[in-house]
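Data first, discussion second: the structure below is written as structure tokens.
Every read-out reported here was derived from the displayed coordinates using simple, explicitly stated rules and does not represent laboratory data. Everything quoted here is computed from the prediction, not taken from an experiment. Note that each Cβ is placed from the backbone with ideal geometry, even for glycine, and that neighbours are counted across all protein chains shown.
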Amino acid sequence: MLKIAMLSFHGCPFARLGEKDSGGMNVYVLQAARELARRGHSVDIFTRYHDPNDLQVDELEYGVRLVHLKAGPYDSAKEDLYEYIPEFLTSLEAFHRSGDTRYDLVQSHYWLSGPVGEILSEMWNVPHAITFHTLAKTKKQARSGEHEPEMRSTVEQRSMERADAVVVSTAQEREDIRRLYGKSSRTVRVIPAGVDLDLFKPVQKEEARRALGLSESKVILYVGRLEPLKGVDILLEAVWRLEDRSDTRLLVVGGGLQTDDEFRRLKASADRLGIADMVTFTGSVKQSALPVYYSAADVFALPSYYESFGLVALEAMACGAPVVTSRVGGLKTFVENGVTGYLIPWRCPEPFAQRLDMLLANPSLREKLGKAGRAAALEMGWGRTADSLIDLYSELSGSAWQRAAGA
């Protein structure tokens with residue numbers, strides 16, 4: 001049995017999804033930890049306090065503990081967190097000494113966790129694996145105007161060089177690391193993310209729409225954070241260009257609404273286009289509620305400029321919704337164009353509008369693509385991800401033991 005220290009410095013896996021800085025990574029950390037524990041391993045997830053009501057230690061289920069540590073003010077912005085890494089590291093090591101726990105491996109998530117993982121790996125003489133989820137250079141290349149802290153690329157580069165393994169979700173991400181960061185593929189392991197098949201399953205459409213109070217005959221859905229990189233403005237333009245906008249509702253799920261600058265920008269765009277009366281911004285919702293939203297939709301749309309994986313599209317497929325997404329990143333690995341949905345190679349509204357028009361006007365096509373998407377998602381449960389992670393962790397732990405023994 002392996003004892004794993006999982007670092008998610010900036011993001012608590014219980015944060016409300018769709019809010020700022022909360023998304024697929026939070027789901028990944030929690031689901032991977034749970035599946036590892038169900039296979040007999042033990043995982044402590046370390047994150048910072050985000051709320052004074054957070055428990056220091058929360059036993060999520062047998063074998064998985066969520067540990068909150070002091071690291072800066074509760075409401076610190078993500079761009080300010082780098083300076084609190086020493087405090088997080090000190091808090092973590094104090095917790096470690098108090099429990100006299102020996103970890104076999106450190107798994108870091110996101111660039112802010114990387115420096116902590118590097119130091120702990122050296123202190124504890126254990127391997128360090130890192131998953132970045134997004135990369136600064138890839139984001140900047142995907143969309144002009146993207147801003148990232150100057151130090152981020154440097155920290156990512158250093159973490160890649162020092163980690164025993166870099167875990168990525170797709171071969172495209174591995175190629176991005178090689179091309180943009182000059183990292184050899186020798187220590188880069190491709191392990192696709194998964195979907196919670198117990199949660200994400202179809203709900204009867206009429207029942208789902210009643211639960212959400214939807215009366216329109218045509219429903220388009222977006223789920224995710226509200227930020228320019230997600231391309232929601234493209235979706236608004238596409239809806240405006242639909243041949244028949246009558247009796248249509250666009251649901252935009254995610255964001256903090258009144259506290260979110262991007263929400264205000266998008267709301268103004270909907271007003272300018274004259275479609276505000278057919279667009280509902282719901283704000284963030286609990287993950288447990290998402291299957292109802294996916295099942296209520298005729299089409300799920302994700303017009304992102306960049307997605308390292310695109311977990312929400314896989315969740316939509318698991319619920320039987322046909323998807324129309326950008327042909328970027330991980331989306332290309334599980335959305336089969338014309339079979340489970342459509343991949344749009346251009347980040348502009350016209351082709352999105354064409355595919356939305358086609359699907360909204362063709363119930364039999366929607367049903368066909370939805371069933372194919374559900375079948376594809378059934379092959380991508382989190383158990384498969386956990387099994388691959390265990391194989392990697394076992395390899396790394398064996399190598400670390402040999403080094404320590406002087407083999």
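Multiply the residue gap between T90 and R39 by 0.36 nm, knock off their C-alpha separation, and tell me the result in nm, one decimal place. Can you show the working numbers first?
Values: separation 51, 0.36 × 51 = 18.36 nm, distance 3.07 nm.
Here the segment from T90 to R39 would lengthen by 15.3 nm.
Setting aside same-chain residues fewer than 8 positions from K286, which lysines have a Cα under 17 Å from its Cα?
K20, K201
With labels modelled as points extended 7 Å from the Cα through the Cβ direction, what inter-label distance (nm, one decimal) is found for E206 paired with D75?
4.7 nm
Given the Cα atoms of the chain, and with Rh set as the inverse mean 1/r over their pairs in the Kirkwood sense, what is Rg to Rh to two decimals? The partial results should precede the final answer.
Details: Rg = 21.4 Å, Rh = 21.9 Å.
Rg divided by Rh gives 0.98.
Please enumerate, by chain and number, the aspartates and glutamates with C-alpha under 14 Å from the C-alpha of K139, excluding those fewer than 8 residues away in the same chain.
E148, E150, E156, E173, D176, E227, E307
With 32 Å as the limit, write out which pairs from K137/K368; K78/K332; K3/K70; K183/K371 have Cα-Cα distances beyond it, or answer none. Let's see the in-between values first.
On the way: K137/K368 38 Å; K78/K332 29 Å; K3/K70 23 Å; K183/K371 39 Å.
Pairs exceeding the cut-off: K137/K368; K183/K371.
Could you tell me how many degrees, from 0 to 90 and to the nearest 10, lie between the Cα long axis of helix 85-99 and the main elongation axis, the longest principal axis, of the Cα atoms of the chain?
The helix 85-99 is inclined about 60 degrees to the chain.
Residue by residue through the range 44-54, what is 3J(HN,Hα) from phi via Karplus (6.51 cos²θ - 1.76 cosθ + 1.60, θ = phi - 60°)? Round to whole Hz and write x for glycine and proline.
Once θ is set to phi - 60°, the couplings for the range 44-54 become 10, 9, 9, 9, 8, 4, 10, 8, x, 8, 4 Hz.
Report, in degrees rounded to the nearest 10, the 0 to 90 angle that the Cα long axis of helix 171-181 makes with the longest principal axis of the chain.
60 degrees
Counting other beta carbons within 10 Å of each Cβ, put E146, E206 in order, fewest first.
Values: E146 16, E206 11.
Listing E146, E206 from fewest to most nearby Cβ atoms yields E206, E146.
Sum -39500 (n - 2.57) across every DSSP H segment of at least 4 residues in the chain, then divide by the residue count to get the 222 nm mean residue ellipticity, nearest 500. List each step's numbers first, then the result.
Numbers: 15 runs with 172 residues, N = 407.
It lands at -13000 deg cm²/dmol.
Taking Cα centroids, how far is the range 94-131 from the range 283-335 in Å?
The distance from the Cα centre of the range 94-131 to that of the range 283-335 comes to 32 Å.
Between N362 and L60, what length in nm is gained on full extension when 0.36 nm per residue of separation is reduced by their alpha carbon distance? Don't skip to the end; give the middle numbers.
On the way: separation 302, 0.36 × 302 = 108.72 nm, distance 4.38 nm.
Value of the extension gain: 104.3 nm.
Relative contact order, percent, of the chain when contacts are C-alpha pairs under 8 Å separated by at least 6 residues? All intermediate terms of the calculation are to be shown ahead of the outcome.
Working: 783 pairs, mean separation 66.7, N = 407.
Taking the mean separation of contacting Cα pairs over the length of the chain, I get 16 percent.
By how many nm would the segment from R265 to L197 lengthen if fully extended, with 0.36 nm per residue of separation less the alpha-carbon distance?
Values: separation 68, 0.36 × 68 = 24.48 nm, distance 3.49 nm.
Between R265 and L197, full extension yields an extra 21.0 nm.
How much FRET efficiency would the formula 1/(1 + (r/R0)^6) give for D277 and E243, where r is the Cβ-Cβ distance and R0 is 30 Å, rounded to 0.05?
Values: r = 18 Å, r/R0 = 0.61.
After rounding to 0.05, the efficiency reads 0.95.
Measuring from label point to label point, each 7 Å out along Cα→Cβ, what is the N337 to E122 span in nm?
With each label placed 7 Å out from Cα toward Cβ, I get 4.7 nm.
If you find the alpha carbon centre of the range 181-239 and of the range 29-49, how far apart are they in angstrom?
If you average the Cα positions of each part, the centres end up 24 Å apart.
For Y342, enumerate residues with amide H under 5 Å from its amide H, sequence gap 5+ or separate chain, H modeled in the peptide plane.
V323, V324, T325
Once you place label points 7 Å from the Cα toward the Cβ at S184 and E148, how far apart are they in nm?
Spacing of the two 7 Å Cα→Cβ label points: 2.3 nm.
Which aspartates and glutamates have a Cα less than 14 Å from the Cα of K205, not counting those fewer than 8 places away in the same chain?
Partners within reach: E216, D298, E367.
Once the Cα atoms of helix 24-38 and of the chain are each reduced to a long axis, what angle between those two axes, in degrees from 0 to 90 to the nearest 10, is obtained?
Tilt of helix 24-38: around 60 degrees.
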